[in-house]
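Have a look at the structure below, then the notes.
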Amino acid sequence: MYQHYNYWLSGLVAYCFCEVVSEQVLDIMTSPKLVKRVENLHATLHEHNYRYYVLADPVISDQDYDKLFQDLQTLEHQNPSLISTDSPTQRVGSIAKDRLFRRVTHRIPMLSLQNVFDQQALLEFDHRLKQRLQSEGIDCRVLQYVCEPKLDGVAISLFYRQGRLEQALTRGDGHAGEDITSNARTIRLIPLKLRHQGYCPGELEVRGEVYISRQGFEHLNQQMLNRNERVFANPRNATAGSLRQLDSGITAQRPLLFCAYSVGIHSTWVNAPKLHSQWLEILVELGVPVSRDYEVKQGIEACMDYYKQQLLKRTTLDHDIDGVVYKIDDLHQQQLLGSVSHAPRWAVAHKFPAEETMSIVKGVDYQVGRTGVLTPVARLKPTQIGGVTVSNATLHNIDEMQRKDVCVGDTVTIRRAGDVIPELISVSLAKRPSYSQPVPIPTTCPVCGARVVRFDKLVALRCLGGLSCKAQLKQSIQHFSSRKALNIDGLGVQLIEQLVDQQWVRNVADLYQLDKNKLASLPRMGMKSAENLLTAIEHSKQTTLTRLIYGLGIREVGEVTAELLTRHFHTLQALMQADAAYLEQLDGVGSVVAQSITSFFAEPHNQKQLTDLQKLGLVWLEENPETSPKLLQGQIWVLTGRLRTLSREQAATRLRALGASVLTQISSRVTTLVVGEAPGSKQGHAEKLGIEQINEAEFLERLVST
Ligand code: IVH
């Protein structure tokens, strides 16, 4: 394996690090062979990170990456003197109670940008620059600009000494920022060590934006909702909140991204760049991510073309940009132009039309989801946001609606970013009319009329109609046939609507009894499409247990849990027989999930559905045939106390990969207990039951030898 990577490294990656070996690494106790191995793993992992994040061109799978990462972790654990601060394993820090974000002065202030909103102001900006430069004796009929997207996130500064990340600061007030080094280190896109290909400045400050993609934002907010925590208003707030976590372990779990756009303090050298665009290229070579969308343009008119092009591109991007930035490319010209108090004269932000706007709430409707959850959606006076008419905005859930104090008649701020569902951000209480009405909370389902309940402590209102509620049924069918579930090609949303409305499909089993002629009679169908659909349905009959469990749409059971349940139980029968107390002990299955699984299988109509599916020819592979024999198959492991080299999650992932199940409680069925530092009561319990106990070193050894 290592051999393979050494070849790979020397063949594909024609570079080496000048300073791969840190002082600690040169421990006389460590064999040069081992040092070399760790060195190679560092280089390989850094290279893969670079290919993945900077070049967006990975050459190995995530699993292979994880394997290499774990190999390095194991070696470091066995030889702590080989751990260096820039090791790829050293990203996740811990709670730093004593480090309440120390304030640090920027050696060069982090300035802001002047804004323009229209063409006229932009022409005036360009004219001003030409006049100033001419007065300095520079001939500049056409100025050369670098055009870049203006990312909407949080500005930070990263200070590298001898190529190693030493300090990360927020912009703060521009003169001093907060020390967020531990948190910045958890961001995978931020290199801990620069790639030394040719020359790397001894001191280099990289400036750029930390941000969150729209998808990452939605996912994060969904997690917050699931935990009954407050959602973030927008990706920028989510980014700022994530960077200010005292526990960098939390920051590490946030989907933070980074993109550099300039250089601050740096040592100079003979061939130091003379253009800003050259700096951007150097940053890429050093392994720092830079926007792929920057362009060098001659004259301000060409910049305007760039603006139009980026404005069109904006909706297709997976992250927010609130405009574009034009910067004079020539660094000498930048110096001559200088700055005003808070912004450089040589750059300007050309802002896009706002993605937030005001509107009036005309009413609130409730949408019913797959699991019966009612989501309040504000009906708005139609309004334009970034060129799109918006007439609805989500309020997420009743708690959010009440927290924001939304009434019918209110003037509200709406935000729409890219393809994200427009959101109601806030209410303007000052503009609340006397005739405003509180939003009624429904007691019956707006779709099926069944009773609606609000379970204790849960924010969600839920329709009790189950699959007799058409809204729930349609979405359950959609979920069952989706790509990660039974994967029925060609069964789209509109077709499902028709099948349910015609009452041809009242449950998922009905999908397997559809009539070709009836199908062909539907609008936009025809014989050929009906045949194709039936073929796709027929193909879906051969599936896997994981797909089936996921496709059943058991509340709280996503693909990861479905996979975990398959790995542990192997058969549907075994899963259906497990009680909540047992399920709860599985690492990754909490009490809510366990309860949801047992309630699902306890329902007679769910049991009947599974029997019907089987009768109709559905077969599922109970083991994944692609997996190689697992060495810890059938074993049940529990972890207690703190491990020094791995997080609990990493240890559990590693064990599961080898086929073991990981529980959180000791019982007589447990095979092995791993005892870390400061173990809990599990150790005594295991002792009484005579369960094998091993320490961290023994554990790591087993991981390596299996
Ligand atoms: S240059 C001296 N370039 O916009 C120049 N800033 O409104 C300072 N920003 O604080 C910044 N994308 O957080 C620059 N391509 C880009 C940018 C960018 C986003 C942010 C940055 C800055 C703010 C100013």
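The values are calculated or read from the model by the stated rules, or taken from the named source; none is laboratory data. Because the structure is predicted, anything quoted here is derived from the model rather than measured. A quick note on method: Cβ atoms are made from the backbone with ideal geometry, for glycine too, and the neighbour counts reach across all protein chains shown. All accessible areas refer to the heavy atoms of the entire protein, side chains included, with ligands and DNA or RNA removed. Shrake-Rupley method; radii C 1.70, N 1.55, O 1.52, S 1.80 Å.
Listed by position, the helices (runs of 4 or more DSSP H) contained in the stretch 578-673 that have at least 3 residues being farther than 30 Å from residue 511 by Cα and in contact (Cβ under 8 Å) with a residue 60 or more places away in the chain are 648-657.
The set of residues in the stretch 460-504 being within 11 Å of residue 551 (Cα to Cα), part of a helix (DSSP H, G or I) and either out of contact with any helix residue (DSSP H, G or I) (no Cβ under 6 Å at 6 or more places or on another chain) or without any contact (Cβ under 8 Å) to a residue 60 or more places away in the chain (or both) consists of 476, 477, 479. When the criteria are applied in full, residue 188 fails the requirement of being open to solvent by 10 Å² or more (accessible area, probe 1.4 Å) and within 13 Å of the ligand (Cβ to nearest atom).
When residue 276 is tested against (1) more than 29 Å from the chain's Cα centre (by Cα); (2) surrounded by 17 or more Cβ atoms within 10 Å (Cβ to Cβ); (3) more than 16 Å from the ligand (Cβ to nearest atom), just one condition goes unmet, and that condition is (3).
Evaluation of residue 173 against the conditions (1) without any contact (Cβ under 8 Å) to a residue 60 or more places away in the chain; (2) away from the ligand (no atom under 16 Å from the Cβ) shows that the sole unmet condition is (2). If you go through the stretch 308-332 and keep only what is assigned to a helix (DSSP H, G or I) and either without any contact (Cβ under 8 Å) to a residue 60 or more places away in the chain or within 13 Å of the ligand (Cβ to nearest atom) (or both), you end up with 308, 309, 310, 311, 312, 313, 331, 332.
Please verify whether residue 116 is touching a Ser or Thr at 6+ places or on another chain (Cβ under 8 Å) and within 16 Å of the ligand (Cβ to nearest atom), treating the condition exactly as stated. No. Quick one: in the stretch 286-307, which of the residues that are more than 13 Å from the ligand (Cβ to nearest atom) and at pLDDT below 95 is nearest to residue 416 (Cα to Cα)? Taking the candidates together, the pick is 287. Among the residues of the stretch 676-706, just one is under 26 Å from residue 580 (Cα atoms) and among the β-branched types (Val, Ile, Thr), namely 691. Checked against the criterion of being under 28 Å from residue 384 (Cα atoms) and open to solvent by less than 70 Å² (accessible area, probe 1.4 Å), the stretch 460-467 contains not a single residue that satisfies it. Tally time: how many residues in the stretch 198-240 are within 16 Å of the ligand (Cβ to nearest atom) and either modelled with pLDDT of 85 or more or over 15 Å from the mean Cα position of the chain (by Cα) (or both)? Going through the stretch 198-240 one residue at a time, the tally reaches 15. Restricting attention to the stretch 424-459, the residues that are surrounded by 15 or more Cβ atoms within 10 Å (Cβ to Cβ) and either part of a helix (DSSP H, G or I) or in contact with a Cys (Cβ under 6 Å, 6 or more places away or on another chain) (or both) add up to 6.
So which pairs qualify, if the first residue must be in the stretch 507-532 and under 13 Å from residue 491 (Cα atoms) and in a loop (DSSP other than H, G, I, E, B), the second must be hydrophobic (A, V, I, L, M, F, W, C) and open to solvent by 30 Å² or more (accessible area, probe 1.4 Å), the Cβ gap must be under 7 Å, and the two must be at least 6 apart or on different chains? Correct list of pairs: 514/504; 514/534. The stretch 333-419 holds strands (runs of 3 or more DSSP E) entirely within its bounds, and those carrying 2 or more residues that are surrounded by 17 or more Cβ atoms within 10 Å (Cβ to Cβ) and in contact (Cβ under 8 Å) with a residue 40 or more places away in the chain map to 347-351, 356-368, 373-385, 411-415.
When residue 353 is tested against (1) under 30 Å from residue 432 (Cα atoms); (2) within 15 Å of the ligand (Cβ to nearest atom); (3) of a type outside the set (A, V, I, L, M), exactly one condition is not met: (2). The C-beta contact set for the stretch 246-271 (first residue within 15 Å of residue 208 (Cα to Cα), second residue of a type in the set (Lys, Arg), distance under 7 angstrom, 6+ apart or interchain) comprises 260/207; 261/207; 262/207; 263/207; 264/207; 265/107. Picking from residues in the stretch 542-555 that are of a type outside the set (Gly, Ala, Ser) and assigned to a loop (DSSP other than H, G, I, E, B), the one that is most open to solvent (accessible area, probe 1.4 Å) is 555.
The sole residue among 63, 70 that is under 23 Å from residue 254 (Cα atoms) and open to solvent by 60 Å² or more (accessible area, probe 1.4 Å) is 63.
Summed over the stretch 136-168, residues that are open to solvent by 10 Å² or more (accessible area, probe 1.4 Å), at negative phi and more than 10 Å from the ligand (Cβ to nearest atom) total 12. Annotation: residue 695 fulfils all but one of (1) touching a strand residue (DSSP E or B) at 6+ places or on another chain (Cβ under 8 Å); (2) open to solvent by less than 60 Å² (accessible area, probe 1.4 Å); (3) among the polar types (S, T, N, Q); the unmet one is (2). Residues that are aliphatic (A, V, I, L, M) and part of a helix (DSSP H, G or I) were ranked within the stretch 674-706; the one that is nearest to residue 584 (Cα to Cα) is 686. Checked against (1) within 16 Å of the ligand (Cβ to nearest atom); (2) surrounded by 22 or more Cβ atoms within 10 Å (Cβ to Cβ), residue 182 passes all but a single condition, namely (1).
Residues in the stretch 96-128 that are out of contact with any strand residue (DSSP E or B) (no Cβ under 6 Å at 6 or more places or on another chain), more than 30 Å from residue 169 (Cβ to Cβ) and not polar (S, T, N, Q): 118, 121, 123, 124, 126, 127, 128. One residue alone among 461, 473 is of a type in the set (A, V, I, L, M, F, W, C) and closer than 24 Å to residue 608 by Cβ, and that residue is 473. The helices (runs of 4 or more DSSP H) falling completely within the stretch 31-135 that include 3 or more residues that are in contact (Cβ under 8 Å) with a residue 24 or more places away in the chain and within 30 Å of residue 308 (Cβ to Cβ) map to 119-135. Residues of the stretch 556-577 that are in contact (Cβ under 8 Å) with a residue 12 or more places away in the chain, over 25 Å from residue 648 (Cα atoms) and surrounded by fewer than 17 Cβ atoms within 10 Å (Cβ to Cβ): 571, 576.
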